[in-house]
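Participant: First the structure, which I've put down as structure tokens, then a few questions once you've had a look.
The values are calculated or read from the model by the stated rules, or taken from the named source; none is laboratory data. The structure displayed is predicted, hence computed values, not measured ones. Don't worry about glycine lacking a Cβ; one is built from the backbone with ideal geometry, like all the others, and counts go over all protein chains shown. Remember, those area values only see protein heavy atoms, side chains included, never the ligands or the DNA or RNA. Shrake-Rupley method; radii C 1.70, N 1.55, O 1.52, S 1.80 Å.
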Amino acid sequence: MAGASGRLAWCRCLSAVRSPLQVVCFPALKLHVSGAAMRASLKDLENAVNQVKLLKKDPGNEVKLKLYALYKQATEGPCNMPKPGVFDLINKAKWEAWNALGSLPEETARQNYVDLVSSLSSSSESSSQVKPGADKEHAGYGTLVVTSEDGITKIMLNRPTRKNAISTQMYQEIILALKAASQDDSAITVLTGNGDFYCSGNDLTNVTDTPLGGIEEKAKNSTNLLRDFVASFIDFPKPLIAVVNGPAVGIAVTLLGLFDIVYASDRATFHTPFSHLGLSPEGCSSYTFPKIMGPTKATEMLTFGKKLTAREACAQGLVTEVFPDATFQKEVWTRLTAYAKLPSNVLRISKQVIRNREKEKLHSVNVEESSIIQGRFLSEESMNAVMNFLSKRAKL
Ligand SMILES: CCCCC/C=C/C(=O)SCCNC(=O)CCNC(=O)[C@H](O)C(C)(C)COP(=O)(O)OP(=O)(O)OC[C@H]1O[C@@H](n2cnc3c(N)ncnc32)[C@H](O)[C@@H]1OP(=O)(O)O
């Protein structure tokens, strides 16, 4: 079906995504998927394409890429183009957006396109009037988008082209964002990812900025950062909710044991390949995982790197509830908005009653895990694994 409609979409996107710089600079939008009945027709798709032209507000390049990818998937099926070269940034971004949809059925892509346009149209209509409670974006973050609205502070990991890998800057910004959220007047705090991944874990290029003190100093700095980062989750005083919008890897998975609720799209997977990377468990998972799922299931994940589907993770208690990807955002945010209306002081007290007696233990586990991993950072296995990834010889 790679006919005129496909070529039209390509041209449309070429004019929409003007420069790679804009892809980075436009603020990311919330992609609320409407819960409209499934099965948009071809006519609905055509109407939605026309509606895009009438939007009053530029939706930003992230959304345009998403629209492009959904349109291509809806009209041509899974990505059928060769990956563009590294310097062809615009076409590479488009290719990645389309390719990320994998084997999503054409009808689902069509429905998602129509839903996305309808959510953009309604937000574009209301954006001309400043209404109370409208999204308030917190300034000053380079790797996150942090917003507060309707009693919810949302911390969104925002490096979608790196699958939201956690760079050194992102570790530091998450610590700061959690600190700020712990003191703001929101009732609950949510961590989620922008794009098709929740988070691909530690950014493996973090090791490349070795300080003057050499790799020993690098290992020490990384360990201190890891310990402080995990401590900020242990100490977080209000309900902390993970909205796992896609695959999660490494530290993004282990930390889930410190969250109060974990909602996952059925597209999400949970993978902790520490042994493959020459590393040892962190994020207090050596303690929380055996408690959550029992020691043998924890060993399969943490020692042998077994990757779980969202449904498996839910059956094992790591995930609270799984939602179909097509309605994930709508269902989860509807539920969270209702939860956030409960009295915020009671939510805080309730969390602390449930969690506080474990806090001391968790801090001591964190210190112990961090000291063990410091040795692992310097091991030959770990360095080889990182080098293999960086030289593109290995992927999980
Ligand atoms: C403070 C220290 C803490 C230390 C504790 C360690 C904790 C951990 O989290 S261990 C786990 C670390 N994570 C990984 O090993 C994941 C590595 N990434 C991958 O295997 C894959 O990228 C993937 C499976 C996550 C996704 O594959 P795919 O869908 O095919 O997408 P790409 O590989 O093309 O990714 C796009 C782009 O993003 C780069 N990237 C993805 N993840 C990472 C990462 N974790 N670190 C650095 N870079 C990452 C990837 O290299 C691609 O870049 P380009 O090729 O330049 O486009």
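Participant: Determine the percent antiparallel among the DSSP beta bridges restricted to the chain, to the nearest 5.
Facilitator: Roughly 35 percent of the beta bridges in the chain run antiparallel, per DSSP.
Participant: What dipole magnitude, in Debye to the nearest 20, does the stretch 205-265 give about its Cα centre under +1 on Lys/Arg Cβ and -1 on Asp/Glu Cβ?
Facilitator: Working: 4 positive and 6 negative charges, 18 e Å.
Rounded to the nearest 20 debye, it is 80 debye.
Participant: Counting chymotrypsin sites (Phe, Trp or Tyr not before Pro) as exposed when in a DSSP loop with at most 12 other beta carbons within 10 Å, what is the longest stretch of the chain free of them? Each step should come with its number before you reach the end.
Facilitator: Numbers: sites that count: PHE87, PHE304.
Longest gap between qualifying sites, sites excluded: 88-303.
Participant: Sticking with this one: Could you work out the local net charge near ILE251, counting Lys and Arg as +1, Asp and Glu as -1, over the other residues with Cβ closer than 14 Å to its Cβ? Walk me through the numbers on the way to the answer.
Facilitator: Values: positive: LYS163, ARG227, ARG376; negative: ASP203, ASP228, GLU282, GLU369.
So the environment of ILE251 carries a net charge of -1.
Participant: Excluding ILE241 itself, what net charge comes from residues whose Cβ is under 13 Å from its Cβ, given Lys and Arg +1 and Asp and Glu -1?
Facilitator: On the way: positive: LYS154, LYS238, ARG335, LYS351; negative: ASP260, GLU321.
Around ILE241, the charge tally is +2.
Participant: If I compute solvent accessible area with a 1.4 Å probe over the protein chains, what percent of it on the stretch 350-396 is carbon and sulfur? Mind dumping the intermediate values first?
Facilitator: Details: 1810 of 3310 Å².
Solvent-exposed carbon and sulfur of the stretch 350-396 make up 55 percent of the total.
Participant: Across the stretch 180-329, how large is the tail of the calculated P(r) beyond 19 Å, expressed as a percent of all Cα pairs? Intermediate values should be presented prior to the final figure.
Facilitator: Details: 6105 of 11175 pairs.
So the pairs more than 19 Å apart make up 55 percent of the total in the stretch 180-329.
Participant: Treating the Cα atoms of the stretch 83-236 as identical point scatterers in vacuum, please give the log10 of the normalised Debye intensity I(q)/I(0) at q = 0.16 Å⁻¹, two decimals.
Facilitator: Here the Debye-derived log intensity ratios amount to -1.11.
Participant: Write down the accessible area per residue of the chain in Å², having rolled a 1.4 Å probe over the full set of protein chains.
Facilitator: Values: 18950 Å² over 396 residues.
About 48 Å² of surface per residue is accessible.
Participant: Let me ask something else. Are there DSSP H segments in the chain that both extend 27 Å or more along their axis (alpha-carbon positions) and score a mean Kyte-Doolittle hydropathy of at least -1.0? List them, or say none.
Facilitator: Working: long enough: 106-126 (30 Å, -0.73); 214-234 (30 Å, -0.12); 344-377 (42 Å, -0.69).
Qualifying helices: 106-126, 214-234, 344-377.
Participant: Another question, if that's okay. In what order, largest first, do SER121, SER391 sit by accessible area if the probe radius is 1.4 Å? List each step's numbers first, then the result.
Facilitator: Working: SER121 15, SER391 55 Å².
Result, largest first: SER391, SER121.
Participant: Moving on. Taking the Cα centre of the stretch 257-324 as origin and charging only Cβ (+1 Lys, Arg; -1 Asp, Glu), how large is the dipole, in debye to the nearest 20? Mind dumping the intermediate values first?
Facilitator: Numbers: 6 positive and 6 negative charges, 32 e Å.
So the magnitude is around 160 debye.
Participant: With the cut-off at 22 Å, tell me which of the pairs LYS307/LYS359; LYS163/LYS307; LYS291/LYS361; LYS72/LYS94 have Cα atoms farther apart than that. Don't skip to the end; give the middle numbers.
Facilitator: Details: LYS307/LYS359 28 Å; LYS163/LYS307 17 Å; LYS291/LYS361 13 Å; LYS72/LYS94 10 Å.
Pairs exceeding the cut-off: LYS307/LYS359.
Participant: Which residue fluctuates most in the GNM of the chain (Cα springs below 10 Å): PRO273, PRO290, PRO82?
Facilitator: In this elastic network of the chain, the residue with the biggest mean-square fluctuation among PRO273, PRO290, PRO82 is PRO82.
Participant: Express the Stokes-Einstein translational diffusion coefficient of the stretch 315-360 in µm² s⁻¹, to the nearest whole number, given a Kirkwood radius over alpha-carbon pairs, 25 °C and a viscosity of 0.890 mPa s.
Facilitator: Details: Rh = 13.0 Å.
In µm²/s, the coefficient is 189.
Participant: Please work out the Kirkwood hydrodynamic radius for the stretch 245-336, using every pair of different C-alpha atoms, and report it in angstroms with one decimal place.
Facilitator: Values: mean 1/r = 0.0760 Å⁻¹.
Result for the stretch 245-336, one decimal place: 13.2 Å.
Participant: To continue, here is another question. If I build a Gaussian network model for the chain, linking alpha-carbon pairs within less than 10 angstrom, which residue out of VAL353, VAL262, VAL114 has the largest mean-square fluctuation?
Facilitator: VAL353
Participant: While we're looking at this one, here's another question. For a Förster distance of 22 Å, can you work out the FRET efficiency between the beta-carbons of ALA139 and LYS57, rounded to the nearest 0.05? Don't skip to the end; give the middle numbers.
Facilitator: Details: r = 20 Å, r/R0 = 0.89.
Calculated transfer efficiency: 0.65.
Participant: What number does the chain give for Rg over Rh if you use C-alpha atoms and the Kirkwood radius?
Facilitator: 0.97
Participant: Please state the Cα pair-distance histogram of the stretch 338-396 with 10 angstrom bins from zero: what percent is in each bin?
Facilitator: It works out to 18, 22, 20, 19, 20, 1, in whole percents.
Participant: Under a Cβ-only charge scheme (Lys and Arg +1, Asp and Glu -1), can you give me the dipole magnitude of the stretch 239-396 about the Cα centre, in debye to the nearest 20?
Facilitator: Working: 19 positive and 14 negative charges, 65 e Å.
Taking the Cα centre of the stretch 239-396 as origin, the dipole is about 320 debye.
Participant: Obtain the nm distance between the two label points defined at SER121 and ALA315 by a simple spin-label model: each point lies 7 Å from its Cα along the Cα-to-C-beta direction.
Facilitator: Distance between the two pseudo-spin positions: 4.2 nm.
Participant: Over the chain, what is the mean sequence separation of C-alpha contacts under 8 Å (at least six apart), divided by residue count, expressed as relative contact order in percent?
Facilitator: Values: 667 pairs, mean separation 56.7, N = 396.
Normalised by residue count, the contact order of the chain is 14 percent.
Participant: Considering only ASN245, ASN384, ASN61, give the residue with the highest GNM mean-square fluctuation for the chain, with springs between Cα atoms whenever their separation is below 10 Å.
Facilitator: ASN384
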